[in-house]
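Have a look at the structure below before the remarks.
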Amino acid sequence: MMSLKKILVIQTAFIGDAILATSVLEKLHIHYPNSKIDFLVRKGNEALFENHPFINKLWIWDKKKNKLKNQFLLIRDFRKQHYDYIINCQRYFSTGLFTVFSGAKNTIGFDSNPLSLFFSISVKHAFDGLHETQRNQRLIASFTDSVASKPKLYIDNIKIEHNSKNFITISPSSVWFTKQYPKELWIEFINKVPQDFDIFLLGSPADKSYNHEIMDSSSRKDGIFNKAGELSLLQSAALMKQALMNYVNDSAPLHLCSAVNAPVCVMYCSTLPAFGFGPLSDKSYILETEEKLDCRPCGIHGHKACPQGHFKCGYGIRVNRLIELLPKL
């Protein structure tokens, strides 16, 4: 085994993917605490890693503006770093280019990457029931061990001001419609939550109006707050850590909970936990429709609309099941 003085980990996909890739950072740091570990993420995800205690350098790839130019500038900079290892957690051509042309002594990635033929080590990738962190662990198992670390975000220094003693959070939105618990059922759930609980609705700035629609359509007028767009990702994670329960879709807020070990209840509509993106918190609950649907799952990712037009996988998750998971005060 060659020296591991300088390592670059690549994960330029969405927020949840970047969060889950921190399990690789954690394991590398455990086994090689004196190594310099760099991390490449897409622009927009960098706020997750502010003040991270052992990321040596956070590289940021702007994929929306001058994507190719920015990629080649990064490759040029990578070659100057003389990395001992590059570990590519993605399966796409663009990250294959980073890996192959980085000038690193050793390159590791998945066999489903189109450029895997040119990697030093190519690792089998399959949706075989393993969690994504376990799949990523295969990339580094030969020089660490076979047990995946949990993903982790560092929020110790983040303070959230609020006056709520007992509260839950709801993250009602998703990029994909078929991953999103139906709006009417979120409203029904909010109406049934006892007044003893305050409710914080979370999300990005783009989710603010959607959250307001839910609030305005509910009968709840007090003790409910729309925090979409007001909190950073790390601030949202810190608030979730304090919550008695967090209700989320199969989307990024789920992985925020996993990374800070916050209690979580996940609604799986069109997708399945078996794809490998399930919750990792000590206190985790998974809710799915009880009806056996031939059309579920309808894909690894979500859709903009239900392909069958009925969205039974979402409407089949009864609100009373969410209520049953409220902590007893």
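Quick rundown of the values:
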quantity: Listing of strands (runs of 3 or more DSSP E) fully contained in the range 42-112 that carry 2 or more residues being surrounded by fewer than 16 Cβ atoms within 10 Å (Cβ to Cβ); calculated: 55-61
quantity: Index of the failed condition, Ser236 passing every other in (1) within 18 Å of Ile15 (Cβ to Cβ); (2) hydroxyl-bearing (Ser, Thr, Tyr); (3) surrounded by fewer than 23 Cβ atoms within 10 Å (Cβ to Cβ); calculated: (3)
quantity: Extreme residue, surrounded by the most Cβ atoms within 10 Å (Cβ to Cβ), among residues of the range 189-213 that are of a type outside the set (Phe, Trp, Tyr) and in a loop (DSSP other than H, G, I, E, B); calculated: Leu202
quantity: Strands (runs of 3 or more DSSP E) wholly inside the range 239-295 that include at least 2 residues being within 21 Å of Phe197 (Cβ to Cβ) and free of Cβ contacts under 8 Å to residues at least 60 places away in the same chain; calculated: 264-267, 284-287
quantity: When residues of the range 154-181 are limited to those that are more than 20 Å from Ala238 (Cβ to Cβ) and in contact with a strand residue (DSSP E or B) (Cβ under 6 Å, 6 or more places away or on another chain), the one least open to solvent (accessible area, probe 1.4 Å); calculated: Tyr181
quantity: Filtered residue count, the range 309-329, keeping only those that are in contact with a Leu (Cβ under 9 Å, 6 or more places away or on another chain) and either surrounded by 14 or more Cβ atoms within 10 Å (Cβ to Cβ) or under 21 Å from Ser171 (Cβ atoms) (or both); calculated: 13
quantity: Condition broken by Lys283, with the remaining ones in (1) out of contact with any Phe, Trp or Tyr (no Cβ under 9 Å at 6 or more places or on another chain); (2) crowded, with 22+ Cβ neighbours inside 10 Å satisfied; calculated: (2)
quantity: Residue within the range 249-266 that is closer than 24 Å to Glu188 by Cβ and open to solvent by 40 Å² or more (accessible area, probe 1.4 Å) present; calculated: no
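The values are calculated or read from the model by the stated rules, or taken from the named source; none is laboratory data. Predicted model, so just to flag it, every value in this text is computed and none were measured. Glycine also receives a Cβ, built like all others from the backbone with ideal geometry; neighbour counts cover every protein chain displayed. Only protein heavy atoms, including side chains, enter the accessible area calculation; ligands, DNA and RNA are left aside. Shrake-Rupley method; radii C 1.70, N 1.55, O 1.52, S 1.80 Å.
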